[in-house]
């Protein structure tokens, strides 16, 4: 049985800013560029009490927390601190799978320091991060990646939560199905129509029923409801692509998709800035009323340098869709792919600058 730790730095970008500037400590800090199209990269816990969250439009965050201090993000510094955190991880295991600059999975089934339990490893890592970097991290310990990630969120900020193998059902069954990965608003509503609101109720459905309703994802739901996840921790898995998409309540015309594309581009831009590598290709995805999937992509000589530029490219890709003005669509998505190391981009404008 695996022993997996998921470590998630607390309000990482904002915490680094507060650590490095004593005037910001204890105050609501929002890491974002100011502007109509800007989105929040991170918010301190003082700002979160006002309802400010990552990926929220900066203008809305400013309305919610008018006394907030806005700090332009410094991703060069955040990457350097992320590297320091990674060095602490390496003392304990070589099986480290980064998810972004501020979180990672660690397989500590066998650890390098001879600590007797995974819980002790997680506690030691958190203590080292606090002592050496003056930052806090939350951690979850569990028999697999799925449960470890749920656990790390259970006592944030600055918390540690452990799910022992014999405690999986007690933890999992009362949870709302919306806590499961892949169960967004649309799938949550579909499950509610089946009378399913908790993981316990989900477990009562047969696998064949879930496959009938959700296709291949139904199999995944069947496994998650039982706490099953055989995915190993894969060290240094490079990001191939990231994307966000939205399924409409009612099918829409192509001309009416602009607000959705703009909102998705903002969300994608915020997510992309957690990546250490830089994407070169922008992808637009559409699904027609008849379930036909269309994709259009663009690879420029330089990566998108702002949210506005990413949005503009996505909207221009829409102009390359030629199914006629009366065709209706049920889904739109925006993605980034063709990730490269920052050093290989050369002197061109970088995505995170």
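If I filter the range 212-249 down to residues being outside any helix (DSSP H, G or I) and free of Cβ contacts under 8 Å to residues at least 60 places away in the same chain, which single residue comes out as nearest to residue 339 (Cα to Cα)?
Going through the range 212-249, the residues outside any helix (DSSP H, G or I) turn out to be 215, 225-249.
Right, trim to free of Cβ contacts under 8 Å to residues at least 60 places away in the same chain and you get 215, 225-226, 249.
Values: 215: 30, 225: 33, 226: 35, 249: 32 Å.
Among residues in the range 212-249 that are outside any helix (DSSP H, G or I) and free of Cβ contacts under 8 Å to residues at least 60 places away in the same chain, the one nearest to residue 339 (Cα to Cα) is 215.
Return the residues of the range 291-321 that are part of a helix (DSSP H, G or I) and either in contact with a helix residue (DSSP H, G or I) (Cβ under 7 Å, 6 or more places away or on another chain) or touching a residue at least 60 places away in the same chain (Cβ under 8 Å) (or both); say none if nothing qualifies. Outline the logic, then answer.
Here is the first cut: in the range 291-321, the residues part of a helix (DSSP H, G or I) are 307-318.
Answer for the range 291-321, where residues must be part of a helix (DSSP H, G or I) and either in contact with a helix residue (DSSP H, G or I) (Cβ under 7 Å, 6 or more places away or on another chain) or touching a residue at least 60 places away in the same chain (Cβ under 8 Å) (or both): 307, 308, 310, 311, 314, 315, 318.
Got a sec? Which of 79, 86 is at negative phi and either outside the structural domain of residue 148 (by TED's automatic domain parsing) or touching a residue at least 24 places away in the same chain (Cβ under 8 Å) (or both)? Can you show your working first?
Numbers: 86 fails: either outside the structural domain of residue 148 (by TED's automatic domain parsing) or touching a residue at least 24 places away in the same chain (Cβ under 8 Å) (or both).
When all the criteria are applied, what remains is 79.
What residue, among those in the range 250-260 that are without any contact (Cβ under 8 Å) to a residue 24 or more places away in the chain and outside any strand (DSSP E or B), is nearest to residue 341 (Cα to Cα)?
Taking the range 250-260 as the starting set, the residues that turn out to be without any contact (Cβ under 8 Å) to a residue 24 or more places away in the chain are 250, 256, 259.
Right, trim to outside any strand (DSSP E or B) and you get 256, 259.
Working: 256: 36, 259: 32 Å.
Checking each candidate, the answer is 259.
What are the residue pairs meeting all of these: first residue in the range 162-184, first residue on the phi > 0 side of the Ramachandran plot, second residue surrounded by 13 or more Cβ atoms within 10 Å (Cβ to Cβ) and not in a loop (DSSP other than H, G, I, E, B), Cβ atoms under 8 Å, and 6 or more apart or on different chains?
182/217; 182/220; 182/221
Residue under question is residue 50, and the condition is that it be surrounded by fewer than 20 Cβ atoms within 10 Å (Cβ to Cβ) and either assigned by TED's automatic domain parsing to the domain that holds residue 272 or part of a loop (DSSP other than H, G, I, E, B) (or both); does it hold?
On the way: surrounded by fewer than 20 Cβ atoms within 10 Å (Cβ to Cβ): yes; either assigned by TED's automatic domain parsing to the domain that holds residue 272 or part of a loop (DSSP other than H, G, I, E, B) (or both): yes.
Against the criterion (surrounded by fewer than 20 Cβ atoms within 10 Å (Cβ to Cβ) and either assigned by TED's automatic domain parsing to the domain that holds residue 272 or part of a loop (DSSP other than H, G, I, E, B) (or both)), residue 50 qualifies.
Got a number for residues in the range 189-211 being more than 30 Å from residue 117 (Cα to Cα), in contact with a helix residue (DSSP H, G or I) (Cβ under 6 Å, 6 or more places away or on another chain) and either in a loop (DSSP other than H, G, I, E, B) or in contact (Cβ under 8 Å) with a residue 12 or more places away in the chain (or both)? Give the steps one after another, and end with the answer.
Let us first name the residues in the range 189-211 that are more than 30 Å from residue 117 (Cα to Cα), namely 189-198, 201-211.
Right, trim to in contact with a helix residue (DSSP H, G or I) (Cβ under 6 Å, 6 or more places away or on another chain) and you get 191, 196, 202, 207, 210-211.
When the remaining residues are screened for being either in a loop (DSSP other than H, G, I, E, B) or in contact (Cβ under 8 Å) with a residue 12 or more places away in the chain (or both), the result is 191, 196, 202, 207, 210.
Of the residues in the range 189-211, 5 are more than 30 Å from residue 117 (Cα to Cα), in contact with a helix residue (DSSP H, G or I) (Cβ under 6 Å, 6 or more places away or on another chain) and either in a loop (DSSP other than H, G, I, E, B) or in contact (Cβ under 8 Å) with a residue 12 or more places away in the chain (or both).
Here is a list of conditions, (1) part of a helix (DSSP H, G or I); (2) at pLDDT below 95, and residue 120 meets all of them except one; can you say which number that is?
Unmet condition: (2).
Can you tell me which condition residue 145 does not meet? The list is (1) out of contact with any strand residue (DSSP E or B) (no Cβ under 6 Å at 6 or more places or on another chain); (2) buried (at least 21 other Cβ atoms within 10 Å of the Cβ), and all the others hold.
In the conditions (1) out of contact with any strand residue (DSSP E or B) (no Cβ under 6 Å at 6 or more places or on another chain); (2) buried (at least 21 other Cβ atoms within 10 Å of the Cβ), residue 145 misses (1) alone.
Which one of these does residue 20 not meet: (1) surrounded by fewer than 18 Cβ atoms within 10 Å (Cβ to Cβ); (2) at pLDDT below 95?
(2)
The values are calculated or read from the model by the stated rules, or taken from the named source; none is laboratory data. The shown structure was predicted, so the numbers you read here are calculated from the model rather than taken from an experiment. Counting neighbours? That spans all protein chains shown, and the Cβs are built from the backbone with ideal geometry, glycine included.
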